[in-house]
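> My questions will all concern the structure given below.
The values are calculated or read from the model by the stated rules, or taken from the named source; none is laboratory data. Values in this document were obtained by computation on a predicted structure and should not be read as measured data. FYI the Cβ positions are ideal-geometry reconstructions off the backbone, even for glycines, and counts take in every protein chain you see.
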Amino acid sequence: MTWINLHTLELNPFVRGVGQQGDQQWPNQDRRLYDYELIYCREGSGWMIIGGQKHHLMNNSILFIPPNIPTRLFIDLDKHYDLYWVHFDFIRYHTHEKDELLTYITEKSDSLYQTHLADSHLIRPQIIINNNLVIPYFIQLKGDELNKCVLDLYNAFHQKEDYWQLSCKIHMEQIILTLLKYCEPMNNASNLCHLVDHYVKCNYHKKITLEDISTYTGIHKESLMKQFKAETGQTIMDYVIDYRLSKAKELLTYTSLSIKEIAHQVGVNDSYYFSRLFKMRYHLTPTTYRKKSSKPY
């Protein structure tokens, strides 16, 4: 998992797939992607959890989903809705990788509902644009400014007339341009916290050390700890524990996994230590919490 900085002139989007959301809910578990996905809600309501953050869908809203970020989508099926999705890359990659990734949005799509992605070499890097711009997960558009562009992209991809790939690229560039207008420059502190947050959410299921995060962010460990604490009020490892336990609460509520299995899935190999951590945070044992909060699964 890496980050790369792109100048706007280096953007060369490749559209892998375009479609409409069907009439079924997603499975009630986290999904991760190898590439980027954009979801455009023309009409309807619902909500999506992206990296632990809940966003409400409404008319003319955009969800921007980076690679390897856990997501869940819930749609209000009692109301009319019209959702479009686009799988894409910001830059063009090798042809054999393109074809391999395509299978993950078709016949291999079920494999995306796992705690980690199997083919880690296919995970696209995170993109920072012009050194300090990161597209937010959720954008509420001011109107239907992307409506025509998204529909034109959908039609170009499915009708496949002459030069349709070029047409898709042009429409995707226009969409990215619109999204960039909603970005706010990140200062150094918020940029650091964003990097740490992303690393934790992508790796909470396995061992995490300060050295790992230091290497990922490119910031010396001591400076990293000091800046993060100053910005958030908590240590990095406390943040890691909080996120792991929040994921454990979801698994206790919505699955029948054993305590030992849940501990392992959130990156704690010792189930007794996991139970102690859980009780310290929530003043309940994992078993008691499950009895009070479990939902049908």
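> From the residues in region 258-297 that are touching a His at 6+ places or on another chain (Cβ under 9 Å) and not in a helix (DSSP H, G or I), which one is surrounded by the most Cβ atoms within 10 Å (Cβ to Cβ)?
Within region 258-297, the match that is surrounded by the most Cβ atoms within 10 Å (Cβ to Cβ) is V266.
> Which condition breaks for I208 when tested against (1) in a helix (DSSP H, G or I); (2) in contact (Cβ under 8 Å) with a residue 12 or more places away in the chain; (3) surrounded by 14 or more Cβ atoms within 10 Å (Cβ to Cβ)?
So I208 meets the others, but not (1).
> Would you mind stating whether D238 is in contact with a Lys or Arg (Cβ under 9 Å, 6 or more places away or on another chain) and within 29 Å of T288 (Cβ to Cβ)?
Here the answer is no, as D238 does not meet what is asked.
> How many of the residues making up region 21-36 are outside any loop (DSSP other than H, G, I, E, B) and under 17 Å from D76 (Cα atoms)?
Residues meeting the conditions: 0.
> Considering L117, L153, L112, L133, which residue is touching a residue at least 40 places away in the same chain (Cβ under 8 Å), more than 25 Å from V196 (Cβ to Cβ) and surrounded by 15 or more Cβ atoms within 10 Å (Cβ to Cβ)?
Result: L153 is the single residue among L117, L153, L112, L133 that is touching a residue at least 40 places away in the same chain (Cβ under 8 Å), more than 25 Å from V196 (Cβ to Cβ) and surrounded by 15 or more Cβ atoms within 10 Å (Cβ to Cβ).
> Looking at (1) closer than 25 Å to I128 by Cβ; (2) of a type outside the set (S, T, N, Q); (3) in a helix (DSSP H, G or I); (4) not assigned by TED's automatic domain parsing to the domain that holds G19, which is the one condition that is false for I175?
Among (1) closer than 25 Å to I128 by Cβ; (2) of a type outside the set (S, T, N, Q); (3) in a helix (DSSP H, G or I); (4) not assigned by TED's automatic domain parsing to the domain that holds G19, the lone unmet condition for I175 is (4).
> Search region 235-260 for residues that are free of Cβ contacts under 8 Å to residues at least 12 places away in the same chain and pair each with any residue that is among the aliphatic types (A, V, I, L, M) and in a helix (DSSP H, G or I) when their beta-carbon atoms are under 9 Å apart and the residues are at least 6 apart or on different chains.
Cβ pairs passing all conditions: T235/M225; L257/L251.
> Kindly indicate which of Y84, Y104, Y34 is under 15 Å from I175 (Cβ atoms) and surrounded by 19 or more Cβ atoms within 10 Å (Cβ to Cβ).
Y84
> In addition: Among the residues of region 211-231, which ones are assigned to a helix (DSSP H, G or I), surrounded by 12 or more Cβ atoms within 10 Å (Cβ to Cβ), touching a residue at least 12 places away in the same chain (Cβ under 8 Å) and out of contact with any Ser or Thr (no Cβ under 9 Å at 6 or more places or on another chain)?
D212, I213, T217, Q227
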